[in-house]
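What follows is a set of notes on a single structure, which appears directly below.
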Amino acid sequence: MKIKFFLLSIVVLVALGWIAYNNYFKYRNALSIAFVGPLSGEGAAAGKLMIQAIQLYFDYVNQRGGINGKQIILQAFDDQNDPEQAKQRALEIVKSKDNFIAVIGHWYSSASISGGKIYQAHQIPAITPGSSHIKVTQGNPWYFRNIYNDKATSLFLAHYIKKVFKQNQVTIIHETADYGSYIAETFVKKAQSLAITIENNWQYHNQDKNLDAVFQQFVERLKAIKDKAGIILLAMQASEGVKLVKLIKEAGIKTPLIGASSFSEETFRNGFDANPIERENPGYYTNDIYVATPLLFDTANEQAQLFFEAYKEQYDEEPDWSAAYAYDTAMVLVEAMKQANLKGVLNSLAADRKELRDTLARFTNIHDAVKGVTGFNYFDNHRDAQKLVSLGVYKQKNLVSALTQFHVMRNPNEIADIQQAIQNEQVLVIDNRYMYKTHVVYAGIKVHEISHIDMKQLVYNLDFKLWFRFLKGDFNPTDIQFTNAVDPQKLNSQLAKPLEDCKETLDKIVYCVYRIRGDFHADFLANYYSYKKHVVGIGFRHRTLTRNNLIYVTDMLGMGLNQEKSLAQYLSKTHVLGPAEGWLIDRVWFFPDIAKEYSAGDPQHLNAPEGIVEYSRFNAAIQLKQDQFSLRGSIPYKYAHDTMILSGALFLFLAIAASSKKKLSKYIWFFQVIFAFLWLLSGEMIFADWLAQKTNPYQMKHIIRTFDILWWLIPAFLITEALERFIWTPIQEKVGPIPNIIRHFFALFIYLLAIVGITVFVYEQQFTSLLATSSVLAMIVGLAVQINISNVFSGIVINMDHPLELVIGSKLVNLMKAKLSISTGEPLG
């Protein structure tokens, strides 16, 4: 009991020391970041989403060692979206003893403008994920904006209404606060140049105590003018938009509504949930409202899909664009902090802040940009992010992509006759930038069966239903090309025969459905590798139309992605994988990305940068893992780093203790086994994650194999140690020294078994062929050295019998001496 208590005490003391280090010493020189936003009041939902997203990224960085060994601490301040509260919170931040290196916030533009004056005076860099008024960064070199400004919103909406909706009449309802008033002002100016008539321009005061009555007056006016209102543009904050939209919908007004970015926030989307009609018919109030938005998850990149999954898993709720932009803001700030080489001590605080601001200011082009969830993050000379505005439309409370989007033309030489393209409205000029008018095609897939899986050849058979939804004349499904098909021509022939005739709606939206079955290549996604897992699914692009002309988006509503909590669980329940296949569905995700290919001398693409043509590609990816029990990967990553260091240190300590404390060696061995396996489990995760960022997938595959080998060699080592401590040492204490050749023989046998395991399970060689080869080899070697083997074992037997022979021989000598002494009467020496 004393021995067990001693060993347990050592383990507890080491653990307590490590916990103390993690909770005090590690954070003693931490880098502090302040977040300021609405944590209470009507805008609290957006504040909650943002702070959770920022903390999610900071946790990711801290678990990987922080910034140059320093952890990041986030502290939140509540400004309630009020300018005066924002000013007070800003003063608290600059006077705080926590020595904040930077600020993320605010949310409302009025709050950012108020707090920005304090940050500028005290020279602390600030970056907002959502304040879009132009005055936020104007004249303030210490403020950065990681979103487009309101001018971009106004210009986008004006062109969309004119060029896509083909409307010439607009009614504007806006607030007098900075956000809405500026959008309305810039929209009116642009509308004049586009020959759009502003039929009505109504405003209200945000602080009006009779705001409900004012909104009711607006509704009565709209009812009176009926169709003469044109499209109704609502430029206001989300909370006030909820009140006005509710009145408009209940009044039965069918005039199209279009809102600014605030209407894409969760505050607006969920603002109607308390109404009985909305609970019975989700989306009753929001359906068919068009919204300018910074991000649409159905058109977003793979990184956005991974963020969406991670956020939902961590917080059990879905993020909106505010969370995504807050996440990217944290990412940009961390990257700048890494490059700034901060000292992180009190005496250097002012210099660190200055260096951080200067580093942020150097992110001025796409080559220096930080690629994140919302795209490439970098700033112009006014410290405004170069992000695009998208247009979404509400369907069943979900904001999905409109069927036409605008994209920046990065190289005007891509088109031979740019003026003709402008005249044909294929290209628009918005704020002195050429923009493509890009068609959107919705794509969806329903998997029926995954079979004939051969991961040695990386081939499988897939049976699935594929459908498209698009504007008439924009797209032909027969023109797609599967990028991972074994026989593309065979699959394309199946696209010539839809399950039924394509359907067309009154607003010229076409819907086509196909049933496809064929062989595909696995692991078709570039730059992606996961240990002992494989990716199956499909990828396709258009044969001729580049991403400037056409983009694919995921039909999230059609595939039920807004309802199923886990699509992997859903596919598992539908038995798309039979038990005989030996695989399980681990993860499912859908996303569009960019497929890059050389122009191959095509005259249409001779002006493409570096001769590379970019196509929009749709990906449906299903990650499979083997159907077998395994503890590998079972330790959560956030505990893996500490577990690896702690278990490694304790293993070494116990190894030293075992060499000096022979009596404790048996007990120590059990602890060593536990810590060795903990080190393997956690170390594998840490090294795999680190290597994934440093190497390509091909190299990653071979490096990870090292751990496969360690999982055989370390247990072999522990078993040989067990033999030494539990078998050889006790025998030696009873009968004397054990010949080393016996110990070495059994140790060699154990390691040979480990090598066989490595050959069969790591390198996947057939055991029967290996056994036959090794048997023949063993027979040849045995015949060659049989005499030597016989001599060795004879020596072993003699060596084992030697102590007994000495005892018997000495007794015989003594007996003979005694007899001679008796016969002669003289003692024998």
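The values are calculated or read from the model by the stated rules, or taken from the named source; none is laboratory data. As the structure is a prediction and not an experimental result, all values here were calculated from the model. No Cβ is skipped: glycine too gets one built from the backbone with ideal geometry, and neighbour counts run over all protein chains shown. Protein only, heavy atoms only, side chains kept; ligands, DNA and RNA dropped before computing areas. Shrake-Rupley method; radii C 1.70, N 1.55, O 1.52, S 1.80 Å.
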If you stretched the chain out fully between N476 and K189, how much longer would it get, using 0.36 nm times the residue separation minus the C-alpha to C-alpha distance? 99.4 nm
Provide the solvent-accessible area of H641, counting protein heavy atoms only and rolling a 1.4 Å probe, rounded to the nearest 10 Å². 60 Å²
When every protein chain stays in place and a 1.4 Å probe is rolled, I612, I551 sorted by accessible area with the largest first are I612, I551
With every protein chain left in place, what is the accessible area of E764 in Å² (1.4 Å probe, nearest 10)? 110 Å²
The farthest towards the positive end of the charge dipole of the range 342-438, of the residues A351, Q420, L391, given +1 on Cβ of Lys and Arg and -1 on Cβ of Asp and Glu, is A351
Here, K97 and R64, labelled 7 Å along Cα→Cβ, have an inter-label distance in nm of 3.5 nm
Which ³J(HN,Hα) values, rounded to whole Hz and listed in residue order, are derived for the range 98-103 from phi using the Karplus coefficients 6.51, -1.76 and 1.60 in 6.51 cos²θ - 1.76 cosθ + 1.60 with θ = phi - 60°, glycine and proline given as x? 6, 6, 5, 7, 6, 10
The range 221-274 versus the range 99-126: alpha-carbon centroid distance in Å: 32 Å
With every protein chain kept in the model, how would you rank K95, K663 by accessible area, 1.4 Å probe, largest at the top? K663, K95
Just how large is the dipole of the range 298-338 about the Cα centre, in debye to the nearest 20, putting +1 at every Lys and Arg Cβ and -1 at every Asp and Glu Cβ? 280 debye
Skipping prolines and chain starts, which residues have an amide H placed within reach, meaning under 5 Å, of the one on K371, given they are 5 or more residues away or on another chain? N377
Expressed in nm to one decimal, what extension gain is obtained for the pair A310 and Q123 from 0.36 nm per residue of sequence separation less their Cα-Cα distance? 63.8 nm
Name the residues of the range 467-483 whose amide N is less than 19 Å from a point 7 angstrom out from the Cα of Q604 along the C-beta direction? 471-483
Any trypsin sites (Lys or Arg not before Pro) in the range 425-467 that lie in a DSSP loop and have at most 11 other Cβ atoms within 10 Å would be K456
Whole-Hz Karplus ³J(HN,Hα) for the range 39-45, in order, using 6.51 cos²θ - 1.76 cosθ + 1.60 and θ = phi - 60°, x for Gly and Pro? 9, 8, x, 5, x, 5, 4
Rounded to the nearest 0.05, what FRET efficiency is calculated for D227 and N424 with R0 set to 22 Å and r the Cβ-Cβ distance? 0.15
Given a Förster distance of 22 Å, report the FRET efficiency between A496 and T544 from their Cβ-Cβ distance, rounded to the nearest 0.05. 0.80
Step through the residues of the range 29-35 one at a time and calculate ³J(HN,Hα) from phi using the Karplus curve (6.51 cos²θ - 1.76 cosθ + 1.60, θ = phi - 60°), rounding each to whole Hz and writing x for Gly and Pro. 10, 6, 9, 9, 10, 9, 10
Sequence-distant residues sharing a close amide H with Q765 (under 5 Å, placed H): V760
Want the number for N740 to Q88: 0.36 nm per residue separation, take away the alpha-carbon distance, what's left? 226.9 nm
Might you work out the accessible area of E597 for me, using a 1.4 Å probe with all protein chains in place, and round it to the nearest 10 Å²? 70 Å²
Sites I612 and N270 - FRET efficiency at Förster radius 45 Å, r taken between beta-carbons, to 0.05: 0.60
